[in-house]
Structure formats: C-alpha cells, structure tokens
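All remarks here apply to the structure that follows.
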Amino acid sequence: MNNTQRLSREIKTIKIMIQMYCTSKHNTKNKALCSSCFKIEAYALQRIDHCPFKTDKPTCVKCPVHCYMTEKREMIRQIMRHSGPRMLVSHPILAYWHIVDGRRKWNPTIPDKRGDLRP
C-alpha cells in the first residue's frame, strides 16, 4: 500500500473517531458534529494537511514533531481513548490498519523550515 493511501486512510480514521465520540458524548444524530467537535476535526485535518512529513508521516503518537497545541492534543487523546476500542467493533478494518501503521518501522528524517530533509 502506498503512502498516499495510508494518509487517506488516516484522514478517514480520524473523522470516524471524532464522529463516534461526538455521537456518544454530545448526543448528536445523523452524522452531524457539534460545534466543538467540528472545530477539532477541522484542526486535525489541517494538522495532517500541513504535516512536515507529508505522505511519509508516522502515526501521531510516534511523531517527534508535536504539531497540536496542548489543549487540542489532549482533546484528540480523549477522542482516541474513547473511540479506539469501539473502532474494533464498528470499523475493524480501519482499526487493524491503524494498529499496523503504528507498528510500522519509521526512519525519522525531520524537514527543516525550508522544507529540506535533515537526519
């Protein structure tokens, strides 16, 4: 599987996790997100889009660059803690691939501010 597909799968996974969390914790219906979950989803997608590793990005937990603000990082942790175990039942294939991606070997080559890669 190429890295572009993996990145697309990561985007799909985070959207589903936020949806599950919002439905459960904020009692939203019909796949509508409350305003706070909508904002965290937009923020997460923006962070993925602006990731310095682009398609070679690791899972966020293994990443040496913490691009989330502290408050939003904690919110994403809560969402993942809540939705992760439930993904095994409702979306087992995405959950499986998320686990596989998390265990994948990764060589951290950190881009500098100019976009050049450095070891």
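The values are calculated or read from the model by the stated rules, or taken from the named source; none is laboratory data. Keep in mind the model is a prediction, meaning the values are calculated, not measured. As a convention, Cβ positions derive from the backbone with ideal geometry for all residues, glycine included, and neighbour counts pool all protein chains shown.
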### Task
Could you tell me whether any residue of the range 89-102 is modelled with pLDDT under 85 and more than 27 Å from Cys22 (Cβ to Cβ)?
no
### Message
Residues that are touching a His at 6+ places or on another chain (Cβ under 6 Å), modelled with pLDDT of 90 or more and among the hydroxyl-bearing types (Ser, Thr, Tyr): does the range 74-85 have at least one?
### Response
no
### Query
Could you list, in sequence order, the residues of the range 6-44 that are assigned to a loop (DSSP other than H, G, I, E, B) and of a type outside the set (Val, Ile, Thr)?
Asn27, Lys29, Asn30, Lys31, Ala32, Leu33, Cys34
### Message
Please go through the range 43-68 and give me each residue that is without any contact (Cβ under 8 Å) to a residue 40 or more places away in the chain, within 22 Å of Leu94 (Cα to Cα) and in contact with a helix residue (DSSP H, G or I) (Cβ under 6 Å, 6 or more places away or on another chain), ordered by number.
### Response
Tyr43, Ala44
### Message
Whether any residue in the range 50-58 is within 14 Å of Ile14 (Cβ to Cβ) and basic (Lys, Arg) is what I want to check.
### Response
yes
### Summary
When the range 17-46 is checked residue by residue, the ones that are surrounded by fewer than 18 Cβ atoms within 10 Å (Cβ to Cβ) and within 11 Å of the chain's Cα centre (by Cα) are Tyr43, Leu45, Gln46
### Selection status of Ile40, over 19 Å from Tyr96 (Cβ atoms) and in contact (Cβ under 8 Å) with a residue 12 or more places away in the chain
yes
### Task
Quick one: count up the residues across the range 52-107 that are loosely packed, with under 13 Cβ neighbours inside 10 Å and either under 15 Å from Asn3 (Cβ atoms) or of a type in the set (Asp, Glu) (or both).
7
